[in-house]
Structure formats: C-alpha cells, structure tokens
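Encoded as structure tokens, the structure appears first; notes follow it.
The values are calculated or read from the model by the stated rules, or taken from the named source; none is laboratory data. This structure is a prediction, so every number in the text was calculated from the model and none was measured. Positions of Cβ are generated from backbone atoms using ideal geometry, with glycine treated the same way; all protein chains shown enter the neighbour counts. What goes into the accessible areas is simple: the full protein's heavy atoms, side chains included, and nothing from ligands, DNA or RNA. Shrake-Rupley method; radii C 1.70, N 1.55, O 1.52, S 1.80 Å.
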Amino acid sequence: MKLWKGRFSKQATSSSDEFNASIGFDQRLYKEDITGSIAHAKMLGKQGIITAEESKLIIQTLQEILADIEAGKVEFTIENEDIHMNIETILTERIGQTGKKLHTARSRNDQIALDIRMYLKKETAEVDGLLEALLKTLADLAEQHQKTIMPGYTHLQRAQPVTLAYHLLAYYQMFARDKERFADCLKRVDRLPLGSGALAGTTYNTDRQFLAEELGFAQVLPNGMDAVADRDFALEFINCCSITMMHLSRFCEELILWSSVEFGFIEMDDSYSTGSSIMPQKKNPDMAELIRGKSGRVFGDMMALLTICKGLPLAYNKDLQEDKEPVFDAVDTVKASLGIFREMLETLTVNEQTMAKAAKYGYMNATDAADYLVSKGIPFRDCHEIIGKMVLYSIQKGVALDDLTMEEFQSFSEAFEEDIYDAISIENCIKAKKSEGSTSFESVGKQLADIKA
Ligand code: ARG
C-alpha cells in the first residue's frame, strides 16, 4: 500500500511503479537512512513532538530492522518505491500506528539529502585511506629507486635524465593533492539538511542543532530550500574522483608504455596481467588499461550529474533521484582503481639496466653540455647552437656525446677541456641540478625526508 495514496483514486501501473522506483539502487543507503531516522525519532521525543515511549519504540524497532536487513532477512519491494518508504512500511507493519509518526516534521526530500551526505562522509574516509596507502607505496618505491636513472620526457621524446624516485615523487605530489581535495570537499559535505522538510521548513518545534550533534555533522545548512535542492556537494565529490582517476589514468598510460618491449623499463607481475586467447606470447597490462578506461566512466558520472542539475527549478524535483547511480559508480570505480593500482605498483619489477641505458642514449646531456660552455663564458644562445651541431654530428656518426674525442669536442669549440666528460656524465647531469625541487639526488632525498616529516 502506497504511503501517499490518500489523494489518488487510481493505482499506478506496474510499469510506472517500476519506472518510478529507486529501491533497486538506493537500498545501498539503508544504514544511513535508518541512522538518520533514529536521530530524528530521538529528537522528536526530546522535543515532545511524539512521546518518550513512542520515540523509544520507534528507535528500538528501527535497530531491529537494521539488524534484519544485515542478516539478509528483509525483502524490499518496488511498490514501496525507495529505501525511505520501504523502511517506514516495515516499521509500521511491526509497530502499527506509532510507526506512522516517524515521518512527522520530515520529508523524503531532506531525508534523501541527508542519506547521500552521510554516505559520502563515510566513503570519503575510505577513499582517504586508499590514497594514504598509495602514497606510502609511492614513497617506499621512491626510496628504493633514488639511484635508478631513467630518461625524463617531454613530448614523449627523451629530454633530460632524472631518477625514477623523482618521477614517482611527482605522482606522490599529485595524489597528495587529491587527498587534500577530498578533505576540503568533506567540509561542504559535512552539513546537515535534515529538518528542512519538503522545502520550506516545518511547523514543529524541532532541534536541528541536536540532530547535527547526534549524527556528527559539523554544521546545520542554513537554508532549507538549498538543503533539499542542491547536489553541489556530490558533484564536488565526483569531481575529486575524476581528478584522482585522471592522475591514475596518466600513470597507467606510462606503465603500459614502460612495459612494452619498445621501452622495457618495467615488467608487470603475472598476477596483474592477462594473456591473449590467440597469441600465446602475449602478456597484457589489462589492469592498467582498465583503470585508464574507467577514468572515462567517472568523468561521465560527473557530466551526468551536472546535466541532471542544470535546468532544475528550485526546490526538489524527481530528476534528483538520478543523482545516486553516478555517485555510487564514481565511488565504486575510484575505490577499486586505487586498490588495484597500488597492488600493481607493489608487485612490478623495474629493469634498472634498461632504464639506465635509455638514459645514456638520447643526447639528454645536451643541456648540461650547453651549461658547461656557459660556465666557460659563452652566452647560452651560442652554446645552444654549438651543442645542437654536435648532436647532429653525433647522430650521423651513431655515437653519444660523451663518446666524442677531445679533438672532436674542440673542433666545435675551443672552450672544451678534459673536464667536459665528467660534466656530461649522466650521473653528474643529475647531481648538478641545484634548484629547489629538482631531480638531484640531494633534492630527492630532501623531498623524501619532507614527506616522512
Ligand atoms: N527516492 C527519492 C530520491 O531519491 C526520494 C525523494 C522523493 N521525494 C519526492 N518528493 N518524491 O530523490
């Protein structure tokens, strides 16, 4: 029997019931819904809106319903539309008239806004934990690879030598900011909508501050219409998820490239790779590809929710029921991706030799060779030109810059002396970086120390 049936003279068809229902997906919010209802019943009792006995009976029964749901003993029905009315119906089935009093001074509009906020508070803590674990993995890996030299790229062309630790710490910083972003978003999620009623507030002497304390919210939302109408907090959350997925996706792209025979920098563990059904030799980096692919879903979730909200007149509209699936999908996807990504990272093998070799060939010490000439008093632009010609010469000869003889060096500039070989050794190119936040061994050591502090 529908809870809102009073005004209706005809029944819904089964197809309209099915179309209208959200229980298929919002049952995920059962715990938040019941916890919110318990706080609400407590407040109603405290304020004398219902009696203390009624309040007690409702709370006790809600706790039993919660236990029964968790024990798999409860069946939800489409006829009861959503999680709110399903639970209220079960409550009333169990305690009759008293159960019907729970919805006093409340609407499903503030109820659902509360449920999503509570759910996102819980999930933010989960995502935060996963990010924290990933940061630790990255820092550990960087610590092990402080001396692992590899090419740094721009335009995917070999640019300047860096250490693997430096490269990993670049991602460390990105994920650390993601963590910050979730924490900042939480400040806006952590505000209580309950007690706003359908849109205009209620005529009862409610205590919203009490509800906020009871449910652990930092603040009460100051405007009831805003409280039931907007989903910006959820959008912000999916935006945080999107940025995290974008970072993961970029990293995955690199791992995919690095594990190709062409690069050969890393090898993924067998447990995080898959084979081909036709090509026996294949070992594919499917996990990394899936994370890269799933980033697209999360961006889609964000676009979906933005589009759902963009034309809605205030306050609540049923369109807002469509907010839940994108939110759930973003939560599930970002959590699964963060978990599997960390495992993948922890189990991969780094081919240090291949990285070092790639760093030696590719003229990545050309900038350092130019800097050497600058130190001999030649203006940088001229140095750039001289070294450019030397690189061209070396490419034609098929050698590295440091393979050139002293005579060859001096044929390009009189300023070259024996110490050029030292100055452009790959190790020295790294060591010589002096700016704050550089790839030098010293700076990376400091970056690691700062992270630990
Ligand atoms: N299932 C609804 C949702 O998810 C709950 C709020 C319904 N409110 C209403 N006035 N029909 O948005």
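Here are the numbers for this structure:
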quantity: Enumeration of residues in region 312-358 that are of a type in the set (S, T, Y) and within 14 Å of the ligand (Cβ to nearest atom); calculated: Y316
quantity: Residue match in region 112-120 (condition: more than 16 Å from the ligand (Cβ to nearest atom) and buried (at least 19 other Cβ atoms within 10 Å of the Cβ)); calculated: no
quantity: Residues of region 381-408 that turn out to be over 18 Å from K360 (Cβ atoms) and in contact with a helix residue (DSSP H, G or I) (Cβ under 6 Å, 6 or more places away or on another chain), as a count; calculated: 3
quantity: Enumeration of residues in region 93-111 that are closer than 16 Å to E53 by Cα and either open to solvent by less than 20 Å² (accessible area, probe 1.4 Å) or assigned to a helix (DSSP H, G or I) (or both); calculated: R94, I95, G96, Q97, T98, G99, K100, K101, L102
quantity: Flag if E436 is loosely packed, with under 13 Cβ neighbours inside 10 Å, in a loop (DSSP other than H, G, I, E, B) and free of Cβ contacts under 8 Å to residues at least 12 places away in the same chain; calculated: yes
quantity: Of all residues making up region 208-223, the number that are surrounded by fewer than 18 Cβ atoms within 10 Å (Cβ to Cβ) and either at positive phi or not hydrophobic (A, V, I, L, M, F, W, C) (or both); calculated: 6
quantity: Selection from region 28-44 of residues that are of a type in the set (S, T, N, Q) and either surrounded by fewer than 16 Cβ atoms within 10 Å (Cβ to Cβ) or within 11 Å of the ligand (Cβ to nearest atom) (or both); calculated: none
quantity: Residue ID - surrounded by the most Cβ atoms within 10 Å (Cβ to Cβ), chosen from residues in region 50-92 that are among the hydrophobic types (A, V, I, L, M, F, W, C) and within 16 Å of the ligand (Cβ to nearest atom); calculated: I83
quantity: Selection status of R158, open to solvent by 60 Å² or more (accessible area, probe 1.4 Å), more than 18 Å from the chain's Cα centre (by Cα) and within 21 Å of A218 (Cα to Cα); calculated: no
quantity: Odd one out for V127, checked against (1) open to solvent by 20 Å² or more (accessible area, probe 1.4 Å); (2) away from the ligand (no atom under 16 Å from the Cβ); calculated: (1)
